[in-house]
Structure formats: structure tokens, C-alpha cells
Amino acid sequence: MPEIRVLIVDDSPFIRKALLRIFETDPSIAVVGVARNGKEALTKLIESAPDVITLDIMMPELDGIETLKIIMETKPTPVLMLSQYTHEGAELTLNALEFGAMDFIDKSTTGLMDFFGLAKEIISKVKELTGKKPLRIVSQATALKDYKSNGFVDVVAIGTSTGGPPALQALLPKFPKDISFGILIVQHMPQGFTGPLASRLDSMCQIHVKEAEEGDKIEPGLALVAPSGLHMKVTPPFNSPLNKGGHRGVKIQDSNKKIKLDMEPLNAIHRPSVDVLFQSVAESYGSRSIGVILTGMGSDGAKGIRLMKEQGAVTLAQDEATSTIFGMPKVAIESGVIDKIAPITSMAEEIMKRA
């Protein structure tokens, strides 16, 4: 079988040994180098020509962020960051994703068995990143001046996973503060990372961005990010015939929509789930909504966006060229329910034209 060549970079002997043991369980993966810090990593990058690098963030001599920058400048290679759930760790992880890392694993574990519980996820992500080209989307950071929302929709629902934070950084700052719709976002991330992500986005945007809380009202100019570990839904559902006919010019009179956070359904692969959000938006807003699927691994969102489409919503998907992982958008596109495919660099314009 063709081997996937992996370079392990971590200052912890425990983590290095654990990763070696994890990768030894899969015959398609070969560890071609092990480095204790960034300086060793850069040398072994040239010597071993890995397909994927697992890179610790906090290391002596040359830390993960600086090492990542050099890798992307000299020999762009898919990088899977190993992060820790702390405030500093979350901020550094978001920096790493902005600088070109493709994904990350939260290694905040207390023992050997806890870390080995991540084996399936680590192997899956390494395989998914193999052969992919690292992307760094540099986008206009200022709000659009030539686009005005028309009042056609009340909410824009966005679902994303791998590559989502940089994509959201390219998208949300383009919305002017006076937009006439609210924004609901599901981003697959480990617990503890969605709050810092929302704060980071808020600092970049004219609109207000925050991590969603139970009972938050859905309002124009407010973007709510679903907290990790909980599904985000809209309550109460709206059962008017408007949801069936696509009457996009007629505003729904029920303006008391609020956020409900819970763990149902328990059998969803992801929590929060894009499908759960999209289904709720379809039931609550129907044709007064836009569904957007951005970069991500897997197929979450494809079923939900079909429900939105059936209720008259506009449906958009990110294109392959600007997607870190063209999984979620591809499945939705191939199911035939997407109205428009667009690069992330012009997705805000596409939304504003239809809102």
C-alpha cells in the first residue's frame, strides 16, 4: 500500500511516543521523522519530505507558530496542529489556522489512555489532509460599501468544519453593521474553542459576533456561534404557509425568535450539528433564510440544506479552489440542492445580493 509519510514535532517525549504508537497501528502511515522543536523540524522537513506534519504549538527554541510560518514560506506542507484547551492555547491555535495550518487536535489529556482515545481522530485527519494543498486566504477586511441588504431574509445560517475559522475571517468582516438579517454559525471545534473564535471574529467585524447562549434573541447585525458540545436551534418554529411558497418579499411577523441550546439528538455525529441548525432554520424561517455550507470534512449540512431548499431558502456553497477540505460543500453540491457555488472571497457579496 502507498504510505503516508508523517513528521512528528513535539517537545513532549510522552506525546512523541504516543503518536508513534498510534501511527504504527495503521499500515498506510509511516513516521519518517521525529523532532523535539521547530529547529529540528525544519531540518527534518527537508530530509524526510513528509506528506503531513503534526506540530505542537508550544515548544522551546522555535515555537510552533514561527515554525509553521517558515514551513509555509519554504515548503508548504499540510500541518495538523496539536493544541491545548487553555485561553492562550486557543488563541495560538486560531493564529496557526490563519497562518496556514489545515486543522488541529486538542491534546488536553491527563494520561496515556486519554490520549490514545484520540487515535481514530488523529489518523482520520492525517489521511484527510494528505495530498491537500495548504491555503491561506487573504481577504478584504473592510465591510462592503456597494451592497445593501434588501430585507428579503431574516437569517443566514452557516455551517463549516475543517478550514472554517479562516473562511469565517474572510467572510464576516465584509458585512456592514446595518445588515437586515441575523447570522447563525455552526463551526465544528472541540469544547473551549468556539468562545475565543467568536471573540476573535467580533474584533474584526462591524457586526457583533458572540458565542450563543440559551435565550439569545436573533437580531439583525448579530452573528451567533454555536458553543461546542451543544446543538443550536431556533425557537419557536414558524408554521405559516410562508414556509412553503417562497414568498421572499414578505417579512415574517414573528420577530421573537430565540436560541435554544441542547444535546438532542444525542446520536448526531457532530454536536453542534449543521444539519440540526439548518433543519431548525428551515422550520422557523423557511423562504426568509439563506443556507451556506463552507469548507469542511464529511457531509454534515447536506441533509439540512436540502430541507431549507424545500422550504424556499436560497442555498450557497463554497467552491473547491478556496476550500481547505472540499467535503461538506461537495456532498451538498452533488445532491443538487445548491443555488450558487462561490469562492469564499466573494461569498459575502453573493449573500448580500440575495438578502
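Below is a table of values for the structure above.
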quantity: Residue ranges of strands (runs of 3 or more DSSP E) in the stretch 134-228 with at least 2 members surrounded by fewer than 20 Cβ atoms within 10 Å (Cβ to Cβ) and not assigned by TED's automatic domain parsing to the domain that holds Ser108; calculated: 208-211
quantity: Some residue of the stretch 102-123 being assigned to a loop (DSSP other than H, G, I, E, B), under 18 Å from Val52 (Cβ atoms), modelled with pLDDT of 90 or more and under 16 Å from the mean Cα position of the chain (by Cα); calculated: yes
quantity: Within the stretch 18-50, considering residues that are out of contact with any helix residue (DSSP H, G or I) (no Cβ under 6 Å at 6 or more places or on another chain) and among the acidic types (Asp, Glu), the one farthest from Met72 (Cα to Cα); calculated: Glu24
quantity: Some residue of the stretch 280-290 being buried (at least 24 other Cβ atoms within 10 Å of the Cβ), at positive phi and assigned by TED's automatic domain parsing to the domain that holds Glu213; calculated: yes
quantity: Matching option when the condition is buried (at least 24 other Cβ atoms within 10 Å of the Cβ), among the β-branched types (Val, Ile, Thr) and touching a residue at least 60 places away in the same chain (Cβ under 8 Å), among Thr345, Thr295; calculated: Thr295
quantity: Answer from Ile15, Ile53 - the residue that is assigned by TED's automatic domain parsing to the domain that holds Gln84, out of contact with any helix residue (DSSP H, G or I) (no Cβ under 6 Å at 6 or more places or on another chain) and closer than 21 Å to Pro134 by Cα; calculated: Ile53
quantity: Out of Thr74, Thr67, sole residue that is within 25 Å of the chain's Cα centre (by Cα) and among the polar types (S, T, N, Q); calculated: Thr67
quantity: Residue in the stretch 229-249 that is modelled with pLDDT of 55 or more, in the same structural domain as Gly192 (by TED's automatic domain parsing) and assigned to a helix (DSSP H, G or I) present; calculated: no
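The values are calculated or read from the model by the stated rules, or taken from the named source; none is laboratory data. In this text the structure is predicted, and so the values were computed from the model without any measurement. Ideal geometry is used to build each Cβ from the backbone, glycine not excepted, and the neighbour counts take in all protein chains shown.
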